[in-house]
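S.K.: Here it is, the structure, as structure tokens.
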Amino acid sequence: MKSTITENQDGTMRALSNRHVQMIAIGGTIGTGLFLGSGSTISKTGPSVMLVYVVLGLFFFFMMRGIGEMFYSDPSQHTFVSFISRYLGPTVGHFTGWTYWIGLVFVCMAELTATATYVQYWFPHIPAWLIEIVFLGILAGINLIAARVFGEAEFWFAMIKIVAILAMIFTGVFMMTRNSTTPLGHATLANVFTNFTLFPHGLYSFVAAFPMVFFAFQGIEFVSITIGEAKSPHRVIKKAVNETLLRILIFYIGALVVIMGIIPWTSITPNASPFVQVFKLAGFPAAAALINFVVLTSAASALNSCIFSAGRHFYQLATEVPENSWMHKTFAKISNNGVPAAAIIFSAVLVLITPLMSLTSVLSSVFTIVTGVSSDMYIIVYTLAMVAHRKYRASSDFLPDGFLMPAYKIMSPLTIAFFAIVFFTLFLIPEDLFGAVGAIAWTVIFGGVTYLHQKKLVPNTNQS
């Protein structure tokens, strides 16, 4: 086995097999939002929620094709942010790199908080901070051992989610084909289209569903970060990216059709998991415990991927600063195991702030606000990735026979425009307004500071 693992020039190992990357791709596509949050989106928009998922899934597919095309031209890169630095300049790259890494740390913190909540479903007397420290320690340790061990953990995490979704879909199809009777009526496909209207609760609720589904897809780009350590990057990129849309159609649309076929969409409870409701109607009394286990593994999977990604991004940031700086000397290193150990440890240590949040409500409130801002920043980061892709197309690096984005001239500007529209909708939703304003403030303030800092470095660079 060792002979099939090649070493990159920077010391990292191409240890992730095709099955690892494919399951990481699936894991990145399917988040806890499908298991827990789909009830809320269905209650807002009814069956037209499927249109929201299809539209967003289509644009995320084209975003992934753009990122995939750049990785195909240079699979030695560890993050898509490196392409932003290359094609939009060091100032934009520096701003994006730090913004994305900080966002990842807060995503790690949010997922770590979630794991404690799910474990306390069974063990309510165990303090949250202890659960969080144990989970963080285990998953950080997995990331420090080797990329292959991370890939194996993600493989099984993703497998649990897939089995749960397929079990729910098969159960639903079985009930609908038998026209099973439930306390809510008959299970039939006709339930999906009964009393159908495009905007059952008005245009506002329909528009508000877009950012909700957008954030459910957030993290879909994680698979691209594995390309730098994949065994067969060119083959893996094509397969992982091309199947993104298919996964969304099967897992999201398939699950939504089954849910609304068994539970009339007017009867879906916004704050309850529709998966739990379906399994209970099918006569499975332990449904709540089963789905709690699934979302626990989903949160652990997201945390595992976040630690992996945060470590690679911080390592990338360290390689872009002057070699004589403390940051470069400390974090621009690859361990003997082929992982950026120092960068992983530093990122994980910052996530340790999470257990402290259980000690004070003030810190918890600040965390909620900052998480909202960092989530909204992802829209800006994704947009910059698409702009970098356009610059790549105009550069000498462009491979005419590479992994080309389909309908580039039409879909590239449309995807950028769509992301801008989604960001604009945040200002129409009261609970998202502060995060949107915060994202703009961060862009202006931190972007300005980054620009001035980089401007100071230019003369020194020229002199050397």
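S.K.: About the Cα centre of the stretch 15-455, how large is the charge dipole given +1 on each Lys and Arg Cβ and -1 on each Asp and Glu Cβ? Please answer in debye to the nearest 20.
M.R.: 600 debye
S.K.: Expressed as a rounded percentage, what relative contact order does the stretch 146-238 have, with Cα pairs under 8 Å and six or more residues apart?
M.R.: 13 percent
S.K.: What do you get for the angle between helix 90-119 and the principal long axis of the chain? Use alpha-carbon atoms, 0 to 90 degrees, nearest ten.
M.R.: Once rounded, the angle reads 40 degrees.
S.K.: Quote the FRET efficiency, to the nearest 0.05, computed for S395 versus N242 with a Förster distance R0 of 30 Å and r equal to the Cβ-Cβ distance.
M.R.: Plugging the Cβ-Cβ distance into 1/(1 + (r/R0)^6) gives 0.80.
S.K.: For the stretch 15-28, just list the computed ³J(HN,Hα) in residue order, Karplus coefficients 6.51, -1.76 and 1.60, θ = phi - 60°, integers in Hz, with x standing in for Gly and Pro.
M.R.: So the J values, rounded to whole Hz, are 10, 8, 7, 4, 5, 4, 5, 5, 6, 5, 4, 5, x, x.
S.K.: Cross-link list K409/K455; K231/K409; K329/K456; K231/K329: which exceed 24 angstrom alpha carbon to alpha carbon?
M.R.: K409/K455; K231/K409; K231/K329
S.K.: Another question about this same structure. Which cross-chain or sequence-distant (5 or more) residues have an amide H under 5 Å from the amide H of T182, H modelled 1.01 Å from N in plane?
M.R.: Residues meeting the criterion, in which the H sits 1.01 Å from N, are A187.
S.K.: Ignoring everything except DSSP H segments at least 4 long, calculate the 222 nm mean residue ellipticity for the chain; use -39,500 (n - 2.57) per segment, divide by total residues, nearest 500.
M.R.: It lands at -23000 deg cm²/dmol.
S.K.: Once the other residues with Cβ under 12 Å from the Cβ of P211 are scored (Lys, Arg +1; Asp, Glu -1), what is the net sum?
M.R.: After counting each charged neighbour, the total is -2.
S.K.: Taking 0.36 nm per residue of sequence separation and subtracting the Cα-Cα distance, how much length would be gained by fully extending the chain between A289 and Y408, in nm to one decimal?
M.R.: 38.3 nm
S.K.: Another question, if that's okay. Per residue of the stretch 284-292, what does 6.51 cos²θ - 1.76 cosθ + 1.60 with θ = phi - 60° give for ³J(HN,Hα)? Whole Hz please, x for Gly and Pro, Karplus curve as stated.
M.R.: With the stated coefficients, the stretch 284-292 comes to 10, x, 8, 4, 4, 5, 5, 5, 4 Hz.
S.K.: Quick one: helix 49-73 against the long Cα principal axis of the chain, what's the angle to the nearest 10°, folded into 0 to 90?
M.R.: Here the helix axis deviates by roughly 20 degrees.
S.K.: Now, a different point. Using a/c under 1.5 as the rounded threshold, could you call the stretch 231-271 rounded, prolate or oblate? The axes a ≥ b ≥ c are square roots of the C-alpha gyration tensor eigenvalues, and prolate needs a/b larger than b/c, oblate otherwise.
M.R.: Prolate is the answer for the stretch 231-271, as a/c is 1.5 or above and a/b outweighs b/c.
S.K.: Once you keep just the Cα pairs under 8 angstrom separated by 6 or more residues, what percentage relative contact order results for the stretch 15-455?
M.R.: Normalised by residue count, the contact order of the stretch 15-455 is 34 percent.
S.K.: Same structure, new question: Taking the alpha-carbon centroid of each part, what is the distance from the stretch 194-221 to the stretch 405-421 in angstrom?
M.R.: Answer, in whole Å: 20.
S.K.: Further, regarding this structure: To the nearest Å, what is the center-to-center distance of the stretch 140-167 and the stretch 61-81, using C-alpha atoms only?
M.R.: The stretch 140-167 and the stretch 61-81 have Cα centres spaced 22 Å from each other.
S.K.: By count of other Cβ within 10 Å, fewest leading, how are F210, F434 ordered?
M.R.: Ranked by crowding around the Cβ, least crowded first: F434, F210.
S.K.: Once you have a ≥ b ≥ c as the square roots of the Cα gyration tensor eigenvalues for the stretch 43-125, tell me rounded if a/c is under 1.5, and otherwise prolate or oblate according to whether a/b is larger than b/c.
M.R.: It is oblate, given that a/c is not under 1.5 and a/b is not larger than b/c.
S.K.: Between L249 and L428, what is 0.36 nm times their sequence separation minus the Cα-Cα distance? Round to one decimal in nm.
M.R.: Value of the extension gain: 61.6 nm.
Any read-out appearing in this document is the output of simple, stated calculations on the displayed coordinates, not a laboratory observation. Computed from a predicted structure; not experimentally measured. Every residue, glycine among them, receives a Cβ derived from its backbone with ideal geometry; neighbour counts consider all protein chains shown.
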